[in-house]
Every structure is written in structure tokens, then in C-alpha cells.
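Every read-out reported here was derived from the displayed coordinates using simple, explicitly stated rules and does not represent laboratory data. Owing to the predicted nature of the structure, the values given are computational and were not obtained by experimental measurement. Methodologically, a virtual Cβ is constructed for each residue, glycine included, from the backbone with ideal geometry; neighbour enumeration extends over all protein chains shown.
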Amino acid sequence: MAAWIEPLWAKDVLAAPGGEASASISGDRILSAAGESIGYVDSGVLRFGVRSDDPSIRWYQTVGGANFHDRSKVGYAMTTLDTPIYAGYTKLIRPSRVGALVADIGGGDGRNTMPWLHETDARIVVVDPIFDGLHRFRQRLEADHPQWLDRVLLIEGDARRVPLKGGAFDAVQSIEALAYLNEDYAAGLKECRRLMEASAHLLVSDRDYEGGLLLQLLYFDGIAGMLKQVGNRDLWDGSADNMVRSRCFTREELVDMAEGCGLHVLEQHGISSLSLILSYLRGVGKLGGAEDEPHLPEVHKLLAWLGDHGRMMRSHTLVCRKG
């Protein structure tokens with residue numbers, strides 16, 4: 001494992017949780033402006049700690065965080081289908097300036113960070129409450145792309161009180177992450193807004209209510225599971241004996257939420273529910289064989305088109321600026 005070296009630009013963005021005061025790194029300790037220890041460096045990840053009473057965080061800790069990287073290698077898995085669509089959406093918020101600063105809130109194991117590293121010279125801060133996913137991402141960078149390490153800052157922290165300075169970022173993204181805050185969703189969205197400089201853009205995506213009905217129908221208790229979801233914006237996912245709650249929205253509800261948090265919605269896109277259906281069919285052995293693999297590029301093109309023009313979405317994706 002490569003020795004961790006603090007990126008020189010970290011001092012320009014690091015703050016105490018909530019951004020209320022500055023913070024600095026001294027050796028393996030993170031210090032407040034008053035010199036008190038508020039976190040530490042562990043295997044290249046800055047650990048500020050997270051709320052121990054949050055059920056969603058506890059659930060993800062038990063499963064080792066998001067595993068999008070591994071799932072994206074499986075043909076017709078939902079992650080495989082959706083990741084290229086999200087990579088296209090990240091282009092909608094790319095700043096023009098050299099060495100732009102980007103925050104990826106709820107970035108997990110880095111699947112939506114990679115397009116920035118591959119295609120731009122941006123510097124990326126990935127904030128996520130689960131250390132394991134961040135650590136796996138760090139290990140992959142060390143093994144496969146060590147030249148990118150000085151452009152990435154990985155932080156274990158809470159989206160409700162992000163340990164970054166306000167107004168410091170040229171772009172912010174939060175993709176299928178804030179929904180796990182449930183009743184605190186607005187707090188996470190306001191934190192994303194706080195990080196944005198005046199001309200920055202935000203890409204936020206979270207799951208659709210009708211897509212949630214479809215998820216319950218296919219994966220959880222069939223018709224009974226779907227009907228239990230009717231009118232309910234709590235979405236349960238996971239395995240039958242280990243479930244996690246998150247929030248889902250109609251598109252109008254998500255737009256209203258964004259505008260209520262001081263954001264102006266510039267564009268509306270999404271992820272088609274077709275990706276959920278294709279992934280389900282793969283899981284039950286009805287799709288994904290050798291005869292289907294050659295069609296995957298065409299399927300990606302169709303899903304990209306449906307994200308802009310389709311009507312039934314798995315997730316809604318908004319491009320916003322400060323209102």
C-alpha cells in the first residue's frame with residue numbers, strides 16, 4: 001500500500017463538519033482551528049466519524065458499503081446498465097476551468113467519480129459515511145491509477161454535516177445517496193448547496209415512486225409488496241432478512257424539494273425503469289446469456305435515450321444551480 005501523502009490543495013477545502021470552522025491535517029490527525037483532534041487519517045481516508053444512531057449507516061456498515069465497482073462487471077446488472085448513463089450526466093455539470101474542484105457526496109466506492117478522473121483534470125473530494133467502500137476505492141487507485149492519487153481526497157463523513165468549506169466547489173454531485181437520509185433529506189441537499197460556489201452546478205439523483213412500486217413487485221412480496229408501498233414514500237431494499245429504508249419521490253416532489261432548499265432546477269433527466277426490469281430478468285436467468293451480451297452497447301444507447309425521453313423512471317436526475 002502506498003504511503004498517504006496529503007494533497008496540497010486539501011487545505012483549501014477541508015473544514016470541521018458543517019463547514020463552521022477551518023480544519024487542518026497534522027501527521028495522522030485532523031485538527032480543528034483550536035487545535036483539537038476532530039478526526040484521523042486511516043489508510044489514505046480522512047475519518048471524521050458518522051452518527052451511530054442512523055439505521056441506514058449501520059446497515060451499510062454491515063454490508064461493507066456500496067459495491068458498485070464489482071457489480072458493474074456483470075452484464076445486465078442494474079449497476080452495469082446505469083453507470084454509463086450517469087457518466088453521461090456528469091458531463092452536464094463539468095466546469096470549464098482547469099483543475100476544477102468537485103465534491104461527490106455519497107460517492108461510495110467511486111463509480112461516479114471515475115468519469116471525472118478519466119476525462120478531466122478535476123480534483124475530486126469523495127464524501128461517504130462508510131469507510132470500507134472508500135478504502136476499496138483507494139486501493140484500486142493505488143493499484144491501477146496511482147497518477148490520480150494527488151487529485152482525490154477521500155472523506156468518511158456525514159452528508160448532513162459535510163467537513164468541507166462552503167462555496168469552494170465548481171461542481172457537486174450526489175447520486176442515489178441522499179435518499180438514505182430519509183427525514184433529513186433536505187439537510188443533505190442544503191449541504192450540497194452550501195458547498196457550491198456562485199456559478200457551480202449540482203447533479204442530484206434519487207429514486208422514483210413508481211420505480212419503487214416496481215421494485216417491490218419484482219423483488220419483495222409481489223403484489224402484496226407493491227400494494228404495501230402505495231402512497232408510501234418509504235422504500236425498503238436489501239435482502240428479506242436485512243432491509244434498509246430510503247426515500248423515493250415523484251419527479252414533481254423532487255423538484256419541489258430542490259427548490260425549497262434554495263436551488264433552481266435547470267434540467268430534468270432520469271434513469272429508465274427498464275434497467276430495473278432487465279436486471280431482474282438477468283437475476284432469474286431469463287436474460288444475460290451469451291446471445292444477449294453482444295447487444296449490451298445498443299441497450300446502453302436505448303437507456304440513454306429513455307433517460308431523456310422516457311416516462312417511467314427508476315430514478316430522477318436534476319441539474320441545478322443556486323436559486
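Calculate for the chain the 222 nm mean residue ellipticity that helices alone would give, adding -39,500 (n - 2.57) per DSSP H run of length 4 or more and normalising by residue count, nearest 500 deg cm²/dmol.
Roughly -10000 deg cm²/dmol at 222 nm, from the helical runs in the chain.
To the nearest 0.05, what FRET efficiency results for V230 and H295 with a Förster distance of 45 Å applied to their C-beta separation?
Approximately 0.85, to the nearest 0.05.
List the residues of segment 80-113 whose backbone N lies under 15 Å from a point placed 7 Å from the Cα of R321 along the Cα-to-Cβ direction.
Within reach of a label on R321: 92-97.
Of D128, D237, D206, which has the largest mean-square fluctuation in a 10 Å C-alpha GNM of the chain?
With Cα springs under 10 Å in the chain, the top fluctuation among D128, D237, D206 is at D237.
For segment 44-322, calculate the relative contact order in percent as a whole number, restricting contacts to Cα pairs under 8 Å that are 6 or more residues apart.
21 percent
Using 1/(1 + (r/R0)^6) with R0 = 41 angstrom and r between the beta carbons of R97 and D28, what's the FRET efficiency to the nearest 0.05?
Given R0 = 41 Å and the Cβ-Cβ separation, E is 0.80.
Using just the Cα positions, wrap the chain in a convex hull and report its mean projected area in square nanometres, one decimal place.
16.4 nm²
Which one, V98, V13, V265, has the greatest fluctuation when you compute a Gaussian network model over the chain with C-alpha springs under 10 angstrom?
Looking only at V98, V13, V265, the largest GNM fluctuation is found for V98.
When only Cα pairs under 8 Å and 6 or more residues apart are kept, what is the percent relative contact order across segment 23-160?
Computed value for segment 23-160: 26 percent relative contact order.
Dipole magnitude of the chain about its Cα centre, charges +1 at Lys/Arg Cβ and -1 at Asp/Glu Cβ only, in debye to the nearest 20?
Taking the Cα centre of the chain as origin, the dipole is about 300 debye.
Multiply the residue separation of R251 and D12 by 0.36 nm, subtract the distance between their alpha-carbon atoms, and state the gained length in nm to one decimal.
Going from the current span to full extension adds 82.5 nm.
Where in segment 134-163 is the amide nitrogen less than 15 Å from a point lying 7 Å along the Cα-to-Cβ axis of A187?
157-163
Taking the chain as a Gaussian network, where each spring joins two C-alpha atoms under 10 Å apart, which residue of S239, S32, S273 fluctuates the most?
S239
Sticking with the crude label model, points 7 Å out along Cα→Cβ, report the distance from D241 to R311 in nm, one decimal please.
Here the answer is 4.3 nm between the modelled labels.
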